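Undergrad: Below you will find the structure I want to go over with you.
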Amino acid sequence: MIPTLNPGRQIEDVLSAIYEQRGGAAFEVVIVDSGSCSDDLARMRRFPAQLHQIRPSEFRHGRTRNLLGQLSRGEALLYLSQDARPASPDWMATLLHALAAPNVGGVYARQVPHADADPFIRYFLDVTYGPRATRRRLRCADRVHIDDIFFSNVSSALRREVWTQVPFRDDVLMSEDQYWAYDALRAGYEVVYEPAAQVLHSHNYSLRSLYARNWLSGASLRGLITDSRPAVLRRGLLYVLREAAWLIRAGVPEALPYMLAYEATRSAGFAFGSAGVFAPINRP
């Protein structure tokens, strides 16, 4: 199930990779488009997918994904971003296998950077989507850390029965996947990260777009994440130190000065978004 808006030619690669999946499970592809140009609509109509169109003003990250669930019929709901291409023909089967474990409410896949990804995105994806599978329960509903509820609808799979009980929140700015994970974990379900299921997905950001994206992330998670300021600072410092070491090992020490500006921008965006101040003029 894919929400789309002007995906360009890449949607053909994504849909081709979906229809090349193997493993025997029957599936349907449902697309909800919120205002793409006619060329992109024509590209999507070349595939046997169910295409549903809404007005741009109707799009919300949680609401639109709930609509996708309502339009589909399967017992498993697989969500995919319009620019996330399954990396192998067993991507779907791998997600479904992980989802079949008892008490699992949702599974998310590993994101692998494109060949043109800059070193900062490569490092971020390397540490955020590592090689080890994880299975999480909520440790304490009153003290929520981002690591406790991390989840990604770039590529995810949910049990329909769980989604029926725990739908996406309609009213969140973004980060609907983190809120869903929090709600599902509070309902007693477990969340799984399955690195064997992989999608190709990465974006290079200018400092302006990096600030805007992280401002929105901070604003959307305001009131949910309870990390103290000292804990956030410690985590941020450790991240930067490890990133610097990674850049040196990767043979790009010349990227270190720009890394400082990059990480300062990212941290400032999230912090200001969390505080609701200094909103970006042009949001992504």
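Undergrad: Scan the stretch 192-208 and tell me whether some residue there is assigned by TED's automatic domain parsing to the domain that holds Tyr79, in contact with a helix residue (DSSP H, G or I) (Cβ under 7 Å, 6 or more places away or on another chain) and closer than 20 Å to Thr226 by Cα.
TA: Among the residues of the stretch 192-208, not one is assigned by TED's automatic domain parsing to the domain that holds Tyr79, in contact with a helix residue (DSSP H, G or I) (Cβ under 7 Å, 6 or more places away or on another chain) and closer than 20 Å to Thr226 by Cα, which makes the answer no.
Undergrad: I'm checking my understanding of the structure. Among residues of the stretch 154-173 that are more than 24 Å from Val29 (Cβ to Cβ) and touching a helix residue (DSSP H, G or I) at 6+ places or on another chain (Cβ under 8 Å), which one is surrounded by the fewest Cβ atoms within 10 Å (Cβ to Cβ)?
TA: Selected residue: Asp171.
Undergrad: Continuing with the same structure: Restricting to the stretch 147-181, name every residue that is hydrophobic (A, V, I, L, M, F, W, C) and part of a helix (DSSP H, G or I).
TA: Once the filter is applied, which keeps residues that are hydrophobic (A, V, I, L, M, F, W, C) and part of a helix (DSSP H, G or I), the stretch 147-181 yields Ile149, Val162, Trp163, Trp180, Ala181.
Undergrad: In addition: Got a sec? Which strands (runs of 3 or more DSSP E) wholly within the stretch 1-53 have at least 2 residues that are of a type in the set (A, V, I, L, M, F, W, C) and either in contact with an Asp or Glu (Cβ under 6 Å, 6 or more places away or on another chain) or closer than 22 Å to Gly74 by Cα (or both)? Let's see the steps before the verdict.
TA: Details: elements: 2-4, 30-33, 50-53.
Qualifying strands (runs of 3 or more DSSP E): 30-33.
Undergrad: Given the condition in contact with a Ser or Thr (Cβ under 8 Å, 6 or more places away or on another chain), assigned to a loop (DSSP other than H, G, I, E, B) and closer than 28 Å to Val240 by Cα, answer yes or no: does some residue in the stretch 132-140 qualify?
TA: Scanning the stretch 132-140 turns up no residue that is in contact with a Ser or Thr (Cβ under 8 Å, 6 or more places away or on another chain), assigned to a loop (DSSP other than H, G, I, E, B) and closer than 28 Å to Val240 by Cα.
Undergrad: Anything in the stretch 195-214 that is surrounded by fewer than 18 Cβ atoms within 10 Å (Cβ to Cβ) and over 30 Å from His97 (Cα atoms)? List them, or say none.
TA: Asn204, Ser206, Leu207, Arg208, Ser209
Undergrad: Tally time: how many residues in the stretch 98-118 are crowded, with 20+ Cβ neighbours inside 10 Å and over 24 Å from Trp180 (Cβ atoms)?
TA: Of the residues in the stretch 98-118, 1 are crowded, with 20+ Cβ neighbours inside 10 Å and over 24 Å from Trp180 (Cβ atoms).
Undergrad: Out of all the residues in the stretch 98-107, is one or more in contact (Cβ under 8 Å) with a residue 40 or more places away in the chain, part of a loop (DSSP other than H, G, I, E, B), over 18 Å from Leu158 (Cα atoms) and not acidic (Asp, Glu)?
TA: Scanning the stretch 98-107, I find no residue that is in contact (Cβ under 8 Å) with a residue 40 or more places away in the chain, part of a loop (DSSP other than H, G, I, E, B), over 18 Å from Leu158 (Cα atoms) and not acidic (Asp, Glu), so the answer is no.
Undergrad: Could you grab me the full set of residues in the stretch 182-237 that are in a loop (DSSP other than H, G, I, E, B) and among the β-branched types (Val, Ile, Thr)?
TA: Matches in the stretch 182-237: Ile225, Thr226.
Undergrad: Which one is surrounded by the most Cβ atoms within 10 Å (Cβ to Cβ), of the residues in the stretch 70-97 that are in a helix (DSSP H, G or I) and within 17 Å of the chain's Cα centre (by Cα)?
TA: Trp91
Undergrad: Could you please find all residues in the stretch 14-35 being in contact with a strand residue (DSSP E or B) (Cβ under 6 Å, 6 or more places away or on another chain) and more than 23 Å from Ala197 (Cβ to Cβ)?
TA: Asp33
Undergrad: Moving on to the next point. Here is a check on your reading of the model: is Leu241 within 16 Å of Ile121 (Cα to Cα), of a type outside the set (Phe, Trp, Tyr) and surrounded by 14 or more Cβ atoms within 10 Å (Cβ to Cβ)?
TA: It is false that Leu241 is within 16 Å of Ile121 (Cα to Cα), of a type outside the set (Phe, Trp, Tyr) and surrounded by 14 or more Cβ atoms within 10 Å (Cβ to Cβ).
The values are calculated or read from the model by the stated rules, or taken from the named source; none is laboratory data. This one's a predicted model, so the numbers in the text were calculated from it and none came from an experiment. Cβ coordinates were reconstructed from backbone atoms using ideal geometry, including for glycine residues, and neighbour counts include every protein chain displayed.
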